[in-house]
1. Is at least one residue of the range 80-89 modelled with pLDDT of 95 or more and surrounded by 17 or more Cβ atoms within 10 Å (Cβ to Cβ)?
2. Evaluate the range 270-280: report whether one residue or more is of a type in the set (Asp, Glu), over 26 Å from Phe95 (Cβ atoms), touching a strand residue (DSSP E or B) at 6+ places or on another chain (Cβ under 7 Å) and assigned by TED's automatic domain parsing to the domain that holds Pro215.
3. I need the full set of residues from the range 198-240 which are surrounded by fewer than 20 Cβ atoms within 10 Å (Cβ to Cβ) and at pLDDT below 95, in order please.
4. I'm trying to understand the selection: among the residues of the range 1-47, which are of a type in the set (Phe, Trp, Tyr) and more than 12 Å from the chain's Cα centre (by Cα)?
5. Give Val4, Val74, Val29 a once-over and let me know the one that is outside the structural domain of Val143 (by TED's automatic domain parsing) and either crowded, with 21+ Cβ neighbours inside 10 Å or in contact with a strand residue (DSSP E or B) (Cβ under 9 Å, 6 or more places away or on another chain) (or both).
6. Quick one: is Glu183 modelled with pLDDT under 85, over 23 Å from Phe50 (Cβ atoms) and acidic (Asp, Glu)?
7. Can you pull out the residues in the range 104-122 that are touching a residue at least 40 places away in the same chain (Cβ under 8 Å) and either within 19 Å of Pro216 (Cβ to Cβ) or in contact with a helix residue (DSSP H, G or I) (Cβ under 6 Å, 6 or more places away or on another chain) (or both)?
8. Outside any strand (DSSP E or B), buried (at least 18 other Cβ atoms within 10 Å of the Cβ) and in contact with a Leu (Cβ under 9 Å, 6 or more places away or on another chain), is that true of Phe149?
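The values are calculated or read from the model by the stated rules, or taken from the named source; none is laboratory data. All values derive from a computational prediction rather than experimental measurement. Heads up, the Cβs are rebuilt from the backbone with ideal geometry, glycines too, and the neighbour counts pull from every protein chain shown.
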Amino acid sequence: MTFVPAPGYQPTYNPTLPYNSPIPGGLNVGMSIYIQGMANENMRRFQVNFAMGPEPEGDIAFHFNPRFDGWDKVVFNSRNSGNWGSEERKLKMPFTKGEHFEMVVMVLQEHYKVTVNGNPFYEFKHRVPPQMVTHLQVDGDLVLQSINFIGGNPDPSQGPGDTPAYPGPGVAPQPPFNLPAMEAPPVFNPPVPYTGRLQGGLMARRTIIIKGFVPPSAKRFAIDFKVGGTGEVALHINPRMDEKCVVRNSLQNGAWGSEERNLSHNPFAPGQYFDLSIRAGSDRFKVFANGQHLFDFAHRIPAFHMVDIMEISGDVTLSYIQI
C-alpha cells in the first residue's frame, strides 16, 4: 500500500549515506528540518550541512559537526568561496553512542536554532541568507531513520532577495509554493496528555501526523479519535510496550468492541522515535509508521466524520503534531 504524505509534509524514510538531496521549495525562514536517527556504537563524528549546491566540497551556509574525540564537542561553521569561516564550538555532546536521537533545525529570522531530543542546544547566526541554501547533506557515523522538511517559504509577492519575517512561536510557517496548505497550524513539543480539536471533523483524505518518542521505561500509551458530543471512540490506538503489541479498538454505546492486534511489524519500542501518519478513508483508517504501512482499521462508527477530537495519553513524549 502506497504511503501518501500529508500536504506540506515532505518525509524521506531510511535514507542511505551519504545523503545529499535538494530541499523541497528551497530553504526559507519558518522551515523546520527534523532528522531522526541513531548514533553508531563506535561513533567518532558526523556532519549535517546546509549547502549552497549539490557539490560535496561546495559552499556551506551552516555546518553542524559533532565530534567524539576525547574532548567531546560540536563544531559549527560555514564555508564561503571555498574557505571556512571562524569556528564556533560547544563543549557539550547531546548525542549518545548507540542511542536514537531526534535533531530539529529551525530556520529563524536571525539564526538557525538547533534542538536535540527536545532540548534547545545551539543558535548559529546566519552568515549568508538561508534562501541561498539548496541542499541538505548528512554523512558520518550514524544511521538515518527519517528526514522531514516542514513548511517555510516567502510570500510569492516577495522578490528573490527579500527575507520574510519569522511568524513567531505557535504560528504555522507558510508551506513551499509547490505544496498545498496544511489543515491547521502544527504543534511543536506539546505536553502529554494532549487534546486536539479536528476543525470540521474527520473528513476523508485528511491526514494526521504524530512524531514522538517512546521513553525507555514506557509501558503503554494511547491515541484516541473521539466524537466529542457522545464520547464514542472511532479509533483507539494503544501501543503496549509491556506486551510488545499494538491494540486497536473502538468504543460505542459505552462498550469496547473486539480488539485487533495482528501486525507485520511493531515500530513502538522503548528508547526509539516514531513518525505516525493516520489517514482517514471513506471506509477505513490507513495508518503508516515511519513510511511503512502499519494497519488498516475499518470504520465501526457509521458517521466517522463526526470525530472531532484527538487525545493522546500515557507513556510517550511528543515532538510534533499536525491535525
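1. There is no residue in the range 80-89 that is modelled with pLDDT of 95 or more and surrounded by 17 or more Cβ atoms within 10 Å (Cβ to Cβ).
2. no
3. Residues satisfying the conditions are Gln199, Gly200, Gly201, Met203, Ala204, Arg205, Arg206, Thr207, Gly228, Gly229, Thr230, Gly231.
4. Correct list: Phe3, Tyr19, Phe46.
5. Numbers: Val74 fails: outside the structural domain of Val143 (by TED's automatic domain parsing); Val29 fails: outside the structural domain of Val143 (by TED's automatic domain parsing).
From the options Val4, Val74, Val29, the qualifying one is Val4.
6. Spelling it out, Glu183 is indeed modelled with pLDDT under 85, over 23 Å from Phe50 (Cβ atoms) and acidic (Asp, Glu).
7. Selection gives Val107, Asn117, Gly118.
8. No; evaluated as a whole, the condition is false for this residue.
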